[in-house]
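To start, the structure under review is shown below, and the notes come after it.
The values are calculated or read from the model by the stated rules, or taken from the named source; none is laboratory data. Because the structure is predicted, anything quoted here is derived from the model rather than measured. Positions of Cβ are backbone-derived with ideal geometry, glycine not excepted, and every protein chain shown enters the neighbour counts.
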Amino acid sequence: MDYVTLKLVHQGAVGLSIFGFLLRSTASLSGASWVRGKPARTLPHVLDTVLLASALGLAWTLGLNPATTPWLLAKIIGLVVYVALGMVALKPGWSRRTRGIACLAALACYLQIAATAITKDPAGLLALL
């Protein structure tokens, strides 16, 4: 797959992933039962697999190594934090307040990751100031 196609797949998966997270977290915070159903728990994993595969394909195509590309390492660290916060935001065992805070923090993390991707600067949002 060529670079342009990989990038479009990646960007599309990013958009669908954040839309899905917003939908699921909003529904979870409002107590909707469908969030605990099999499709709502399975589809994000399929989408995230496409997202990760396209990211790896882009890194491979561009010859990027996180050990020598600080902005890529910042994105990976941000992704790990985003996933952890997303797990808290969507897990019913946490209080609604805690889940809401985790959801907002995950969204801030997403914005940081996106800004890092756009600016190619590990400072992400701070680089835009």
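Reported count of residues in segment 25-49, each being assigned to a helix (DSSP H, G or I) and either of a type in the set (S, T, Y) or under 20 Å from Q11 (Cα atoms) (or both), is 12. Residues that are among the β-branched types (V, I, T) and out of contact with any Cys (no Cβ under 9 Å at 6 or more places or on another chain) were ranked within segment 18-54; the one that is farthest from R97 (Cα to Cα) is V50.
If you check T49, T69 for being over 14 Å from the mean Cα position of the chain (by Cα) and hydroxyl-bearing (S, T, Y), only one passes: T69. Looking at A67, A55, which one is under 21 Å from P122 (Cβ atoms) and not in a helix (DSSP H, G or I)? After ruling out the rest, the residue left standing is A67.
Of all residues in segment 111-129, those that are surrounded by fewer than 18 Cβ atoms within 10 Å (Cβ to Cβ) and among the polar types (S, T, N, Q) have Cβ atoms under 6 Å from Cβ atoms of residues that are in a helix (DSSP H, G or I) and modelled with pLDDT under 95, 6 or more apart or on another chain, in T119/A127. Filter segment 55-87 down to residues that are loosely packed, with under 15 Cβ neighbours inside 10 Å and among the hydroxyl-bearing types (S, T, Y) and give me whichever is farthest from R97 (Cα to Cα). Looking at residues that are loosely packed, with under 15 Cβ neighbours inside 10 Å and among the hydroxyl-bearing types (S, T, Y), I get T61. Cβ-Cβ contacts under 6 Å between residues 6 or more apart (or on different chains), taken from a first residue in segment 1-30 that is closer than 11 Å to L47 by Cα and in contact (Cβ under 8 Å) with a residue 24 or more places away in the chain to a second residue that is assigned to a helix (DSSP H, G or I) and aromatic (F, W, Y), are listed as I18/Y110. Kindly evaluate T61 against the criterion of being β-branched (V, I, T), touching a Pro at 6+ places or on another chain (Cβ under 7 Å) and either farther than 21 Å from L29 by Cα or not in a loop (DSSP other than H, G, I, E, B) (or both). No.
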